[in-house]
Amino acid sequence: MAQNQTSQESISYELALKLRDLEEGQKLMKDRLLLIGQNLIDFQEKNSLEMIEIKKDIQDIKMDIKRMKSVIETVSDEVSKSARKEELAILSRQFKMFEPLKYARIEEIEKIIDEKLHHKGHKQELENKPGFWSGKI
């Protein structure tokens, strides 16, 4: 009976060890499962925040594109209103034909007239003076 009892104690000891090992394994599995669950939640939150940031960035990019389209349309309208190279060449040729810098100013014309009149008056004085050639007889 003593052997029977020792063998029962040994079996029960072995069962207790196996049960404790199983419980520890189950606890480790539970801890790992909780850790995996927490990591999954953290990952999902991080992805949600990144998605929100990406959506904001996309909205900003859309607004920038709209502004750029508006600017391009404005520039396009202004370019279509401006003179072309051929038109500028025509205007340049017309400008060269008239050469406005060669036209005299009113003051210059008056000065020239005064000089001519003064010169003409001086000439008449010389003609009226008897001299080498006294004129018609």
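The values are calculated or read from the model by the stated rules, or taken from the named source; none is laboratory data. None of the values given here were measured: they were computed from a predicted structure.
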**Report entry** Single condition residue 129 does not satisfy, out of (1) under 50 Å from the mean Cα position of the chain (by Cα); (2) modelled with pLDDT under 85
**Finding:** (1)
**Report entry** Filter result for residue 73 (at pLDDT below 85 and part of a helix (DSSP H, G or I))
**Finding:** no
Report task. Only one of these is basic (Lys, Arg) and at pLDDT 85 or above: 85, 123, 81, 111. Name it. Result -> 111
